[in-house]
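Accompanying notes for the structure given below.
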Amino acid sequence: MQRGGPGLGGIQPSQSDYFQATRGGGHGDYHMIVLAPASVQEMAELTVKGFELADKYRMTSMILADGTMGQMMEPVELDLKVAPAPEKPWATNGTKMKREHNIVNSLSLVPEELEEFNFKRYERYAEVEKNEVMYEEYLTEDADVVVAAFGIAARVSRNAVDEARKAGIKAGLIRPITLWPFPKAPFAKAADHAKAFISVELSMGQMIEDVRLATECRRPVTLCNRAGGMIPSPEQVLEAIKKANEGGDR
């Protein structure tokens, strides 16, 4: 549950751990699967999904929610379907099957071997990027202004998109559910017709970098944000949409 910072910070909501989660919090060329719920229901569903993905790909998964999600009360249905566990021929589960011994070890001090280990790991990451990207689109088919937001910011932004539509502005929303792998494809597609993008964040601007990368800087991407535990209001997001629609900068 992300909370306001920097340093010790407070207990109010934030999204300022995006870099830490999606860029990796330690050394080495590695990624984690990062899942961003926008409701209490999704917190339950994505926790199950996170365990399944971690088990399937043998890599860490993280549920990246914010302080609002951690303190919110909503109805939840816990009839959650669990996928069958994958086969694990690599596991150290005894040798009753008369197989050769498995050795689970990530330590390698030989540079050539460590390089090969990295290449194999990135083959797995490519498989995750191909098969496990999750996102939600809302009114993006004809959108002139596309808002990018996750978590509580996406809920606020959806209200702003509705108000923009009432005002005659063609606005839409892309909500990344997997922050890594980031849903590049819908942003690239939207960049074919949209004239501007807005990244709505509870931070000083972190996901905005991925939005710019996904759109290959073909369209301007501006930031609508609050920080330190504050949440953008629908009115603030709507104002940013109006400015982007008019071609103005924040």
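The values are calculated or read from the model by the stated rules, or taken from the named source; none is laboratory data. Everything quoted here is computed from the prediction, not taken from an experiment. For neighbour counting, all protein chains shown are included, and Cβ atoms are generated from backbone atoms with ideal geometry for every residue, glycine included. Only protein heavy atoms, including side chains, enter the accessible area calculation; ligands, DNA and RNA are left aside. Shrake-Rupley method; radii C 1.70, N 1.55, O 1.52, S 1.80 Å.
Of all residues in the stretch 11-45, count the ones that are open to solvent by 30 Å² or more (accessible area, probe 1.4 Å) and part of a loop (DSSP other than H, G, I, E, B).
First, pick out the residues of the stretch 11-45 that are open to solvent by 30 Å² or more (accessible area, probe 1.4 Å): 11-12, 16-17, 19-20, 23, 25-31, 41-43, 45.
Filter once more, so that each one left must be part of a loop (DSSP other than H, G, I, E, B): 11-12, 16-17, 23, 25-31.
Summing the residues that are open to solvent by 30 Å² or more (accessible area, probe 1.4 Å) and part of a loop (DSSP other than H, G, I, E, B) in the stretch 11-45 gives 12.
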- prompt: Is one or more of the residues making up the stretch 120-136 open to solvent by less than 50 Å² (accessible area, probe 1.4 Å) and in contact with an Asp or Glu (Cβ under 7 Å, 6 or more places away or on another chain)?
  reply: no
- request: Being touching a Phe, Trp or Tyr at 6+ places or on another chain (Cβ under 6 Å) and without any contact (Cβ under 8 Å) to a residue 60 or more places away in the chain is the filter here, so list the residues in the stretch 1-41 that pass it.
  value: 24
statement: The condition of being assigned to a helix (DSSP H, G or I) and open to solvent by less than 60 Å² (accessible area, probe 1.4 Å) holds, among 69, 62, only for 69
